[in-house]
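As structure tokens, the structure follows; a few thoughts come after it.
FYI, it's all coordinate maths here, none of it is from the lab. The structure presented is a predicted model; accordingly, all values stated were derived computationally and were not measured. Note: ideal-geometry Cβ built from the backbone for every residue, glycine included; neighbour counts use all protein chains shown.
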Amino acid sequence: MSKVPDNRAWWLVLPVLLLVAFSALVPLMTVVNYSVQDIFGPGNAYYVGTEWFRDVLRDQRLQESLLRQFGFSAAVLAIEIPLGIAVALMMPKGGIRASLCLILLAIPLLIPWNVVGTIWQIFARGDIGLFGWGLNELGFSYNYTGDPVAAWFTVLLMDVWHWTPLVALLCYSGLRAIPEAFYQAAEIDRASRWAVFRYIQLPRLRNVLVIAVLLRFMDSFMIYTEPFVLTGGGPGSSTTFLSQTLTTMAVGQFDLGRAAAFSLVYFLIVLLVSWLFFTAITHMDKER
Amino acid sequence: MSIQEKSRSRGLGITLFIVLLMTPIYWLLNMSFKTNQEILSGLTLWPNDFTLDNYRVIFTDPSWYSGYINSMIYVVMNMAITLVVALPAAYAFSRYRFIGDKHLFFWLLSNRMAPPAVFLLPFFQLYSSIGLFDTHIAVALAHCLFNVPLAVWILEGFMSGVPREYDEMAYIDGHSFPRFFVKVFMPMISSGIGVTAFFIFMFSWVELLLARTLTSVDAQPIAAIMTRTMGASGIDWGVLAAAGVLTILPGVLVVWFVRNHVARGFALGRV
């Protein structure tokens, strides 16, 4: 639809502008302010320039947590995207069964994030949880509170449980948009199941997959609540991701300058990805 | 494989996936109906000693049920604020081109993508300094950070589906803009508004980090009360499970109405 050029439309977006400026711009300015000062108390601050930034970029704990974060996000994408596509392909095409599938798939997405942590905390315990108990009965020595590998595995499994349905839902809505004629043509050509997927379904899923990948990357990149409740970042710091490192620094240790500098670096990474996301979407809208 | 066999194996696959998906939730539900004694004495696949005591604790202890009330209050406040500001803005983005529109749209999106942890400390200080710490409105305003962009994006999608001829016809009939917007336009996209409201509700309801940081006693959300209980030496597993079940209920009760728009909502209106 062609849009009318009219700058008076600014009046309509003004409320949003003011509200988001209040809740985003003012706090962000505070962060910038902190990141260049060393603060000992109210009215007792010194300008230190880029010292905190250099400090942060050299900090080994942060580098480790950044590395863990990238590893986690990569693992999340590698599992959830293919699994989500597979689930979407298996879903019924219509009717009451499809509606039921949609709703059951959506349930994990509607659970408060700390409750997701609680569910898995209970479910994975060796003594009272079905999952932990089952693994131990099968002869694995599984204890997510003591063993870093088990903790890492449990957090990953929890995220797969929590967010694969999102990928599946997105792919499902992408698949529904493919006209029936495409499949009929494939049938006439005696195309194999794989050929149908590779040459008809996958290209048509491109747009929803771009959205799914970027959403999953960004949301897993700022994961906080679920691992915080499940493992508390432990054992040691094996499941401490970026948000938790930052939160500990800012609220736990009140290390304002360093936390602020870290925040800005973190934010810039996310902003870069958001920009990619936005470019991809506007590109898609143009095609539409 | 014949077509019938193929569809049967697909049905089996999806059933298996959904059963696996539901098992952890079943475990929570199962535990919420057990006594602590039964929970700790061994594994049972369903409650042998069925009890509603865990739920009774929550509904009779103010320190528990006030958490639900607090969460509800700030979620509803957030929903009202978000819809009021997002409706005109989404209309502007869907109908007009104006200076800086693309930049503004991107800036809004970047707020949805910003890690809440980044805003934690400044939010805490900002709301403390203006005397809003531990009030419902503080959490409601903080959640606007990600809900306003979401609402603008979803609504913009729905509004773009309404041809502009309707707007022009209403103007010719002599409606003023506010009158047209409320009396003619909003009813036309009422399902879109409903879906948007659902997602605003959801995202505010599931968030913990900001809600916990901006409150201490008077406006503490249920999510924070649950984590606090876990810190105590003896964990009351049964009550914890019951509290968890009760936080899942609101979403499950209304998801049926938005089932065809679920993907759209989670993808910021872009599917």
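Non-local amide H neighbours of residue B:97 (under 5 Å, H modeled in plane, Pro and chain starts lacking H): which ones?
A:4, A:6
Lysines near residue B:6 by alpha-carbon distance under 18 Å, same-chain residues fewer than 8 away left out - which ones?
List returned: A:93.
Most fluctuating residue of A:249, A:91, A:29 in a GNM of chain A with Cα springs under 10 Å: which is it?
Taking springs between Cα atoms under 10 Å, the residue moving most is A:29.
Around residue A:37, which amide H atoms from residues at least 5 apart in sequence, or from another chain, sit under 5 Å from its own amide H, with H modelled in the peptide plane?
Here A:48 satisfy the definition.
Ranking B:183, B:34 by Cβ neighbours within 10 Å, fewest first, what do you get?
The fewest-first ordering by Cβ neighbours comes to B:183, B:34.
Where does chain B land on the Kirkwood hydrodynamic radius, alpha-carbon pairs, in angstrom?
For chain B, inverting the mean 1/r across all distinct Cα pairs yields 21.6 Å.
Tell me, what ³J(HN,Hα) does each residue in segment B:52-60 have, in order and in whole Hz, if you take phi through Karplus 6.51 cos²θ - 1.76 cosθ + 1.60 with θ = phi - 60° and put x for Gly and Pro?
So the Karplus estimates, Gly and Pro as x, are 9, 4, 4, 5, 4, 4, 5, 7, 10 Hz.
Among A:246, A:256, A:272, which one shows the highest mean-square fluctuation when chain A is modelled as a Gaussian network with alpha-carbon springs under 10 Å?
Maximum among the listed residues: A:272.
List A:192, A:263, B:94 from most exposed to least, where exposure is judged by having the fewest other Cβ atoms within 10 Å.
Ascending Cβ contact count within 10 Å gives the list A:192, B:94, A:263.
Determine, for B:95, B:270, B:10, the number of other Cβ atoms within 10 Å of each Cβ, and report the residues in order from fewest to most.
Final ranking by Cβ density, sparse to dense: B:10, B:95, B:270.
Take every Cα pair under 8 Å in chain B that's 6+ residues apart, average their separations, divide by the length, and report that relative contact order as a whole percent.
31 percent
Suppose we look only past 47 Å in the calculated P(r) of the protein assembly as shown. What percent of the Cα-Cα pairs does that tail hold?
Considering the protein assembly as shown, 14 percent of its Cα-Cα pairs are separated by more than 47 Å.
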